[in-house]
Amino acid sequence: MYYIQETDKPVLIARIFNLVEIIDDKIILPISSEEIIENKRASILVKRIKKILDKTRCKSVVLSKYLKTQESFVNVLEDCSINIIDGKWLFSILSNRVLDYIVEKENLKKEETNVSVLVNKNDSDYIIENIKNIIKTYKSVNIVTTNAGKFKKLEKDILEQEGTMITITNNKKKSLVRSKIILNVDFTNAEINKYNISDEAIIVNLQGNVDINKKRFNGININDYEISFEDFEEFDYDKSNIYFQKDIYESSIYKKQPYEYIERKIKRDRVKITELVGKRTSF
């Protein structure tokens, strides 16, 4: 895994010839955070980066906060099939902790809070286990989906293990109107806007980039987040300040591990949600 970042004071010759530098697991670009990377320069830099990645058979990278804002650079990386760690996979894993954070910040009571989970395709073990935990904790939980058959087993398991009935629905007029918190696992922008939503709902979009096109909607629409965690490695100033912690932590996880292994790691590293970023607000 390589971390790619800018530098404070690019050396003139490196800037002129677009020379990149490798320091440990970091690729340092000859640009400052005050520059805008244009298409032509982005192509040159990515070509040099790809050579490094190909030699080490590395397919994923973590970008600094600044580089993630450089649209041309990001687009060229993606065009070269380079995977950019963005924290979205980790967001799904941490969904229970996200709900806990909201409940605490909004002074809600779990036993009085209605939660709806919007999910169509993502029936991974991680999502299913998180849904089970949500059902155990909150007053009522709806699963809103166009693929009800995928979640019939979950409905049966919950009934047998917890003695609890859950609602699996796709009623666009009624299924979300009473939900204070809506956990959107994988509904697209177009899909979620087909449903009636409470004006004061808190929506968590695990895949991000979702906008609510309802004139009366005055709730909170969350598309991003940040975390903290205990770092057991030697202190690294760059990684602590230049990069998003969610990206760093996601890059440290082997994603094919069973749910319980990843959950133990998260607990051991004391991962905490520190911020939820909404469309018009953050908290």
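Checking the conditions here, which among K215, K265, K255, K194 is in contact (Cβ under 8 Å) with a residue 60 or more places away in the chain and of a type in the set (D, E, K, R)?
Numbers: K215 fails: in contact (Cβ under 8 Å) with a residue 60 or more places away in the chain; K265 fails: in contact (Cβ under 8 Å) with a residue 60 or more places away in the chain; K194 fails: in contact (Cβ under 8 Å) with a residue 60 or more places away in the chain.
Answer to the check: K255.
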- [ ] Give just the number: which of (1) crowded, with 16+ Cβ neighbours inside 10 Å; (2) hydroxyl-bearing (S, T, Y); (3) without any contact (Cβ under 8 Å) to a residue 40 or more places away in the chain does S282 not satisfy?
- [x] (1)
Open item on the list: Quick check on segment 81-112: of everything there that is assigned to a helix (DSSP H, G or I) and more than 18 Å from the chain's Cα centre (by Cα), which residue is surrounded by the most Cβ atoms within 10 Å (Cβ to Cβ)?
Closed with: V103
- [ ] Assess whether I220 counts as being in contact with a Gly (Cβ under 7 Å, 6 or more places away or on another chain) and farther than 14 Å from L118 by Cβ.
- [x] yes
Task: Residues within segment 113-167 that are buried (at least 18 other Cβ atoms within 10 Å of the Cβ), in contact with a strand residue (DSSP E or B) (Cβ under 8 Å, 6 or more places away or on another chain) and farther than 20 Å from V204 by Cα, tallied - done: 3
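Looking at the structure I just gave you, is K55 in a helix (DSSP H, G or I) and under 15 Å from C80 (Cβ atoms)?
Against the criterion (in a helix (DSSP H, G or I) and under 15 Å from C80 (Cβ atoms)), K55 qualifies.
Restricting attention to segment 14-44, which residues are assigned to a helix (DSSP H, G or I) and touching a Pro at 6+ places or on another chain (Cβ under 9 Å)? Reasoning before the result, please.
From segment 14-44, those assigned to a helix (DSSP H, G or I) are 14-17, 39-44; that's our starting set.
The answer is A14, R15, I16, F17.
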Open item on the list: Just checking, does segment 198-216 include any residue being exposed (fewer than 15 other Cβ atoms within 10 Å of the Cβ) and closer than 18 Å to V119 by Cβ?
Closed with: yes
Task: Selection status of D247, acidic (D, E) and more than 19 Å from I127 (Cα to Cα) - done: yes
Task: Close pairs (7 angstrom Cβ cut-off, 6 or more residues apart or separate chains): in contact (Cβ under 8 Å) with a residue 12 or more places away in the chain and outside the structural domain of V46 (by TED's automatic domain parsing) in segment 6-33, loosely packed, with under 10 Cβ neighbours inside 10 Å and of a type in the set (K, R) anywhere - done: none
Open item on the list: Looking only at segment 241-279, filter to residues that are within 24 Å of I82 (Cβ to Cβ) and small (G, A, S); which one of those is surrounded by the most Cβ atoms within 10 Å (Cβ to Cβ)?
Closed with: S251
TODO: Could you tell me which numbered condition D211 fails, if it satisfies all but one of (1) at pLDDT below 95; (2) under 23 Å from I93 (Cα atoms); (3) not assigned by TED's automatic domain parsing to the domain that holds L154?
DONE: (3)
Task: Pair list, Cβ under 6 Å, 6 or more apart: segment 46-66 residue without any contact (Cβ under 8 Å) to a residue 24 or more places away in the chain, other residue β-branched (V, I, T) - done: none
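Out of N184, N170, report the one residue that is under 20 Å from I212 (Cβ atoms) and over 23 Å from the mean Cα position of the chain (by Cα).
On the way: N184 fails: over 23 Å from the mean Cα position of the chain (by Cα).
Within the list N184, N170, the selection yields N170.
The values are calculated or read from the model by the stated rules, or taken from the named source; none is laboratory data. Bear in mind the structure is a predicted one, so any value in this text is a computation, not a measurement. Reconstructed Cβ throughout: ideal geometry from the backbone, glycine too, with neighbour counts over all protein chains shown.
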